[in-house]
Every structure is written in structure tokens, then in C-alpha cells.
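Notes follow once the structure below has been shown.
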Amino acid sequence: MEYIVGKPKFKTALLYVSGWIMFLIFLKMIGNTTWWEKELNIVFIFIILVLIIIVLPGLTYAELMWKVNKDVIQYTYHDTMFIKIKAYFKHILRKHHLEYQMTINMNQIDYIAVTYTKIPRPPFGTLGYDILFEIHMYDGSIYSFLPLPLEGKKPFIEAVTFIQQQGIQFKDRYHILSELLIDRPISYYLEKIDKENTYD
């Protein structure tokens, strides 16, 4: 059994980009010859290339993606658009599978601490709050990653439940996992915790 959190959306992204390309081609076909001069053709080609090289990878890959099975937890995080584009074309042209940046053996995990962190949000750099997993290994090393993508909580909760079923303990001092079961944005709860800790 395998649980995936943050799947690539190849079909959705391809349909979106294809729709825009067809729309642009339609505009070019109905445009008169004086409007579609050489300079505008260059702009048209440039927009097509932007859609394929930047927009398509950006829509396909989530910022963070991870999966778990009975043997390993694998995780990848694309913190810049350049890294996302590079990983996308490596996936499509060379590897033909999603390449995860980090692999952790389940039988080497002591426990997982659940906490939170402040993250700058583009484009203005305001601070937001995200859940943070700190995976403590038997050898004393600690691996940290942001486990909750933007698209929904259900795959995340299913993956966490599966990890618990493998006998791995979650140390959740702020009761973040139980708060996720409530139908409201987790960021509000994390902000409340942070303010309480700041004034203590």
C-alpha cells in the first residue's frame, strides 16, 4: 500500500495550456494581415514558449510532494520555479518518473515531532504558517519537511494514519493533527499557537 500527498497534475496542466495555445492560434487565424505583422508573430511564438516551458511545469508539479509505503517516506520540495522546471523536464525527457529528493527508511524512524514554522509568502513576503514534520531517527539525526500541500487535507490525513498504523509515534504537543480534522484553515490555528508562545 502506498499513499501519495501532492500528485503531479499532468492531464489538468496539459489541458489548460493546450486550451490557451488553441485560443491564441484561433486569434491569429481570424486576425487580419496588417495586425499580425512579423513583430506580433514573434510575440505570439514567445507566449507559446512561455506556456510550454514555464506555465506547464508550474501547473503540473506541486511545490511539495511526498509519498509513504511500508518501507520508506520519500519527499521532494520545489522552492523555486527554476527547480520545478528543471525537475519537470528531467521527469519527462530522461527519468520518466518523479524523482524524490529525500528518502527515509521507515524502520529507522524513532518518532515524528509535529510542529509549525513561519514561511514567507510571495509576492510580498508576508509571513504564513505551515505544519512542519521533524523526523527523529534512531541514530540521532533529524529530517525536517513541510508535509501539507495546498490542494487538500484528505491525502495528508490518510498518509499520517498509515504511518501511525506502522507503529510510528507522532509527538504532537500543539494538537495540530487533531485540529486538521476540523473544517477550517490550519494556518489560523498555527498563528494562534505562535502568538500564545510569543507572549508566554
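The values are calculated or read from the model by the stated rules, or taken from the named source; none is laboratory data. Values in this document were obtained by computation on a predicted structure and should not be read as measured data. Every residue, glycine among them, receives a Cβ derived from its backbone with ideal geometry; neighbour counts consider all protein chains shown. Please note that ligands, DNA and RNA were not included when accessible areas were found on the heavy atoms of the full protein model with its side chains. Shrake-Rupley method; radii C 1.70, N 1.55, O 1.52, S 1.80 Å.
For the reader, a short list of remarks on this structure follows.
- Evaluated with a Cβ-only charge set (Lys, Arg +1; Asp, Glu -1), the chain carries a dipole of roughly 740 debye about its Cα centre, given to the nearest 20.
- A simple charge model with +1 on the Cβ of Lys and Arg, -1 on the Cβ of Asp and Glu and nothing else charged puts the dipole of the range 107-179 at about 220 debye relative to its Cα centre.
- Only helical runs count toward this figure. For the chain, summing -39,500 (n - 2.57) over DSSP H runs of n ≥ 4 and dividing by all residues gives -12000 deg cm²/dmol at 222 nm.
- Where R184, R121, R173 fall by accessible area, highest first, once all protein chains stay in place (1.4 Å): R173, R184, R121
- For K195, the aspartates and glutamates whose Cα comes closer than 16 Å to its Cα, not counting residues fewer than 8 places off in the same chain, are D130.
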